[in-house]
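The values are calculated or read from the model by the stated rules, or taken from the named source; none is laboratory data. These numbers come from a predicted model, not from an experiment. Note: ideal-geometry Cβ built from the backbone for every residue, glycine included; neighbour counts use all protein chains shown.
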Amino acid sequence: MRDVFIEKVYEKMRKNSMIFFLSADLGSPALDKLRNDFKDRFINVGIAEQNLINVATGLALEGYAVYAYGIAPFVTMRAYEQIRQNLSISSQIKPVNVNIIGVGAGLSYDVSGPSHHCLEDISIMKLLPNFMVFSPSDWKLAEYFVDYSINIKMPKYLRFDGRPLPLIYEKINDAIFKKGFHELLKGKKVCLVSTGFMTHRALKVAKELQGIGVIDVFMLKPLNENLLFKALKKYKYIITIEEGFINNGGLDSLISKILRNHRSGIRVKNMGFNDKHVFEVGDRDYLHRLNNLDENSIIKIIKEWTKQ
């Protein structure tokens, strides 16, 4: 996801001299190529995420499109004051095109522990006015977003998984992208609404339980809420699943708000992490099993809940 996105940005930088790329002392093969070929438009600010946002803002105020790359929990939470003051507030007065690339969403840095887990980013970044929050489930969506990131002159948060993920979208077009979501599978009574990595989990569950719908919400803000409600209203049961804290402003809160605004009687269950950090040590699948987010747990919950 990260490498495909950076490769696409690299192609754009060859043709567009108004693009800068900033890094908080991180590397990757794709980034090394960009660094070598655009020495005048690549800046490594060091392990200093607050300064990353400050420098990115200064460049954006001069008219540049800027990409600011860091580890998701640090680039969001360590620099949250700078993001709020420099980007969210400033962009209400003047266009500020800063694209914050947060790598390591959810538990993709699984064995690194709670310091590197990122279960809060959807809630805190979606909260900010004048911000776009993009949560792709595969590299195709990430690649397609590059043109939007250059042309839409507002602050954006791009939450990328830290691990390679299988392709979901064979084809992307503007009609799909502008909605901010896509109904990957049409179901009968039950629909799983997910974002990012958890869309892969939802598809595996739907493969086991025939007749389950799956909606991937990749644009958490802004989102065409009326169109999403049209897709949701045919279901009797909706289950939101996300790699984040539930009941605290994440994907589940977004779906609940849409249903409430339309005075819908659809039953909703939220699945994610409860109000505590994950200290257990193990890979992603193991941590998901401990928190009832693995496929077997989701299938069991669906069966029990829809019998009521």
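So for the stretch 269-284 (the condition being surrounded by 11 or more Cβ atoms within 10 Å (Cβ to Cβ), part of a helix (DSSP H, G or I) and of a type in the set (Phe, Trp, Tyr)), does at least one residue qualify?
Looking through the stretch 269-284, none of the residues is surrounded by 11 or more Cβ atoms within 10 Å (Cβ to Cβ), part of a helix (DSSP H, G or I) and of a type in the set (Phe, Trp, Tyr).
Of all residues in the stretch 1-24 being within 22 Å of the chain's Cα centre (by Cα) and in a loop (DSSP other than H, G, I, E, B), which is nearest to LEU141 (Cα to Cα)?
Residue satisfying both the conditions and the ranking: MET1.
The rows are residues; the columns are (1) touching a strand residue (DSSP E or B) at 6+ places or on another chain (Cβ under 8 Å); (2) surrounded by 14 or more Cβ atoms within 10 Å (Cβ to Cβ); (3) closer than 29 Å to ALA142 by Cα.
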position	(1), (2), (3)
PRO222	yes, no, yes
LYS236	yes, no, no
GLU242	yes, yes, yes
GLY249	no, yes, yes
LYS300	no, no, no
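Per-residue answers, yes or no, for (1) of a type in the set (D, E, K, R); (2) modelled with pLDDT under 95; (3) surrounded by fewer than 17 Cβ atoms within 10 Å (Cβ to Cβ); (4) in a helix (DSSP H, G or I):
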position: PHE145; (1), (2), (3), (4): no, no, no, yes
position: TYR148; (1), (2), (3), (4): no, yes, yes, yes
position: MET154; (1), (2), (3), (4): no, no, no, no
position: TYR157; (1), (2), (3), (4): no, no, no, no
position: PRO164; (1), (2), (3), (4): no, yes, yes, no
position: LEU167; (1), (2), (3), (4): no, no, yes, no
position: ILE172; (1), (2), (3), (4): no, yes, yes, no
position: LEU184; (1), (2), (3), (4): no, no, no, no
position: CYS191; (1), (2), (3), (4): no, no, no, no
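Of all residues in the stretch 237-260, how many are closer than 15 Å to ILE124 by Cβ, among the aliphatic types (A, V, I, L, M) and either in the same structural domain as LEU127 (by TED's automatic domain parsing) or part of a helix (DSSP H, G or I) (or both)?
Counting residues in the stretch 237-260 that are closer than 15 Å to ILE124 by Cβ, among the aliphatic types (A, V, I, L, M) and either in the same structural domain as LEU127 (by TED's automatic domain parsing) or part of a helix (DSSP H, G or I) (or both) gives 2.
Could you please let me know if ARG84 is assigned by TED's automatic domain parsing to the domain that holds TYR148 and out of contact with any helix residue (DSSP H, G or I) (no Cβ under 9 Å at 6 or more places or on another chain)?
On the way: assigned by TED's automatic domain parsing to the domain that holds TYR148: yes; out of contact with any helix residue (DSSP H, G or I) (no Cβ under 9 Å at 6 or more places or on another chain): yes.
The answer is yes for ARG84.
What residue, among those in the stretch 74-108 that are in a loop (DSSP other than H, G, I, E, B) and under 15 Å from the mean Cα position of the chain (by Cα), is farthest from SER149 (Cα to Cα)?
Step one: filter the stretch 74-108 for residues in a loop (DSSP other than H, G, I, E, B), giving 79, 93-97, 104-105, 107-108.
In the following step, the residues that additionally are under 15 Å from the mean Cα position of the chain (by Cα) were identified as 104-105, 107-108.
On the way: GLY104: 20, ALA105: 19, LEU107: 25, SER108: 24 Å.
The residue in question is LEU107.
Hey, can you tell me all the residues within the stretch 219-274 that are out of contact with any helix residue (DSSP H, G or I) (no Cβ under 8 Å at 6 or more places or on another chain) and among the aromatic types (Phe, Trp, Tyr)?
TYR235, PHE273
Can you name the number of the only condition in (1) touching a His at 6+ places or on another chain (Cβ under 7 Å); (2) under 25 Å from LEU232 (Cα atoms) that PRO166 fails?
Among (1) touching a His at 6+ places or on another chain (Cβ under 7 Å); (2) under 25 Å from LEU232 (Cα atoms), PRO166 violates only (2).
Of all residues in the stretch 38-63, which are free of Cβ contacts under 8 Å to residues at least 24 places away in the same chain, over 15 Å from ARG78 (Cβ atoms) and part of a loop (DSSP other than H, G, I, E, B)?
Of everything in the stretch 38-63, those that are free of Cβ contacts under 8 Å to residues at least 24 places away in the same chain, over 15 Å from ARG78 (Cβ atoms) and part of a loop (DSSP other than H, G, I, E, B) turn out to be LYS39, ASP40, GLU62.
Out of the residues in the stretch 121-175 that are under 13 Å from VAL4 (Cα atoms) and aromatic (Phe, Trp, Tyr), which is nearest to the chain's Cα centre (by Cα)?
PHE160
Give VAL205, VAL190 a once-over and let me know the one that is out of contact with any Pro (no Cβ under 8 Å at 6 or more places or on another chain), under 20 Å from GLY250 (Cβ atoms) and outside the structural domain of ARG84 (by TED's automatic domain parsing).
Numbers: VAL190 fails: under 20 Å from GLY250 (Cβ atoms).
Within the list VAL205, VAL190, the selection yields VAL205.
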